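Chemist: Mind having a look at this structure? Questions to follow.
The values are calculated or read from the model by the stated rules, or taken from the named source; none is laboratory data. All figures in this text were calculated on a predicted structure; none of them were measured in a lab. Cβ: placed from backbone, ideal geometry, glycine included. Neighbour counts: every protein chain shown. The accessibility values were calculated without ligands, DNA or RNA, using every heavy atom of the protein model including side chains. Shrake-Rupley method; radii C 1.70, N 1.55, O 1.52, S 1.80 Å.
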Amino acid sequence: RAHLRKEEEEEEEHRINSPTMLWRIALFAILSNAGGLTVQALVLAFSLTSPVAQGMWEHLVQRYSINAFSVSVLYIPLWALLVYTINGLYLVLQNMLFGGNFKIQSSKHIHWDYKLIMKVFYNLSFNMTVVNVASSFIIYYLQSTIHPNWGLRVEGFPSTQEMMRDILICSLVAEVLFYHSHRMLHSNFWFGIHKIHHEFHAPIGLLAAYCHPVEMVLSNIIPLFIYMFLASAHAYTMAVWVCFALLSTQHSHNGYHFPFWNMKASLHDYHHENTVGGNFGTLGLCDWLYGTDVKWRARLASDQAGAKGLKAKNS
């Protein structure tokens, strides 16, 4: 009888865990693709969606007495800084060692000198620390003043379904808000601010957040993160979203298209190469709806046709 009861318990546990595993696999696939299908995206997607993640999160919350204020104003900005810096430097090293034939704009290279390095360093440091922390504090203060129930949750741990729901909705919200704010920055009135970001016509991943502080707030921080605060998402979901939002934007700006990567790098590299060429969004959805990706698609079709013709000629 004890043996039968054990079998029944195992069957019940399997029945409960099977859907959870399917949700976890789906979330892993979404996050991996968001990160560009790169090695680091696959590793992080697996790690952050694994069953071990809950125990690690609960340990951190206990050990560092994490609450809604500290996670919003201190730990999330710190996590963003770490992810951005480590992944950005990794991409620089990867491009140097293996970039060779995979650079999209093969004739354009950034000529680094001490003055340019320090200029980029000061800009990125200010945006990723002062602007991020100040913006997070203001958002936290406003949401807690206007509606106390808004803001990130720390208690418990989000289910895989909840994480997927919030990340998918946040992706769509970010696409709409980023597209329109980015397109606005290309207007005559705002381009004086946005031109700082376009100083590099063939950028690399480390330069994704190189921009004017006003642009950092209007076109990066608010579109990417406002939904999580308003929806009272879990802080762990926010941490996962921040990680892959940064991987995505750095991948888009990397300027290299390695085998098995998705087309994000090509899409946004064309935007930097042709300032008036469209491609204002992150997912490509709004560009498709508004027709602002027409020039890029024509360019892509032309390049593919040329590659096929060259292959046919050599065969």
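Chemist: Which residue pairs have Cβ atoms under 6 Å apart, sit 6 or more places apart or on different chains, and have a first residue in the stretch 155-166 that is more than 19 Å from VAL71 (Cβ to Cβ) and a second that is among the basic types (Lys, Arg)?
Modeler: Matching pairs, first to second residue: THR160/ARG24.
Chemist: Can you find a residue in the stretch 50-60 that is under 17 Å from the mean Cα position of the chain (by Cα), open to solvent by less than 70 Å² (accessible area, probe 1.4 Å) and within 17 Å of TRP241 (Cβ to Cβ)?
Modeler: No, the stretch 50-60 contains no residue that is under 17 Å from the mean Cα position of the chain (by Cα), open to solvent by less than 70 Å² (accessible area, probe 1.4 Å) and within 17 Å of TRP241 (Cβ to Cβ).
Chemist: Another question, if that's okay. Can you tell me which residues in the stretch 120-137 are at pLDDT below 95 and either over 22 Å from the mean Cα position of the chain (by Cα) or among the aromatic types (Phe, Trp, Tyr) (or both)?
Modeler: Of everything in the stretch 120-137, just one residue is at pLDDT below 95 and either over 22 Å from the mean Cα position of the chain (by Cα) or among the aromatic types (Phe, Trp, Tyr) (or both), namely PHE137.
Chemist: Give me the pairs, please: first residue somewhere in the stretch 112-141 and of a type outside the set (Phe, Trp, Tyr), second residue anywhere and outside any helix (DSSP H, G or I) and loosely packed, with under 12 Cβ neighbours inside 10 Å, beta-carbon distance under 9 Å, and either six or more positions apart or on two chains.
Modeler: Within 9 Å, the pairs are VAL120/TRP112.
Chemist: Tally the residues that are open to solvent by 50 Å² or more (accessible area, probe 1.4 Å) and within 30 Å of SER232 (Cα to Cα), restricting the search to the stretch 82-102.
Modeler: 3
Chemist: Checking THR85 against (1) in a helix (DSSP H, G or I); (2) of a type outside the set (Phe, Trp, Tyr); (3) in contact (Cβ under 8 Å) with a residue 60 or more places away in the chain, which single condition isn't satisfied?
Modeler: (3)
Chemist: Further question: Test MET21 against the criterion of being at pLDDT 80 or above and more than 15 Å from the chain's Cα centre (by Cα), and give yes or no.
Modeler: no
Chemist: Let me ask something else about it. Considering only the stretch 275-285, I want to know if a residue exists there that is open to solvent by 10 Å² or more (accessible area, probe 1.4 Å), hydroxyl-bearing (Ser, Thr, Tyr) and modelled with pLDDT of 90 or more.
Modeler: no
Chemist: Now for a separate question. Quick check: anything in the stretch 251-271 surrounded by fewer than 20 Cβ atoms within 10 Å (Cβ to Cβ), part of a loop (DSSP other than H, G, I, E, B), modelled with pLDDT of 80 or more and not hydroxyl-bearing (Ser, Thr, Tyr)?
Modeler: no
Chemist: For the stretch 280-299, name all the residues that are at positive phi and assigned to a helix (DSSP H, G or I).
Modeler: Selection gives nothing.
Chemist: Moving on. With respect to GLN105, determine if the residue is in contact (Cβ under 8 Å) with a residue 40 or more places away in the chain, assigned to a loop (DSSP other than H, G, I, E, B) and over 21 Å from the mean Cα position of the chain (by Cα).
Modeler: yes
Chemist: Between residues in the stretch 180-205 that are under 23 Å from GLY291 (Cα atoms) and free of Cβ contacts under 8 Å to residues at least 60 places away in the same chain and residues that are buried (at least 17 other Cβ atoms within 10 Å of the Cβ) and among the acidic types (Asp, Glu), which pairs lie under 8 Å by C-beta distance while being six or more apart or on different chains?
Modeler: Matching pairs, first to second residue: LEU185/GLU215; HIS194/GLU215.
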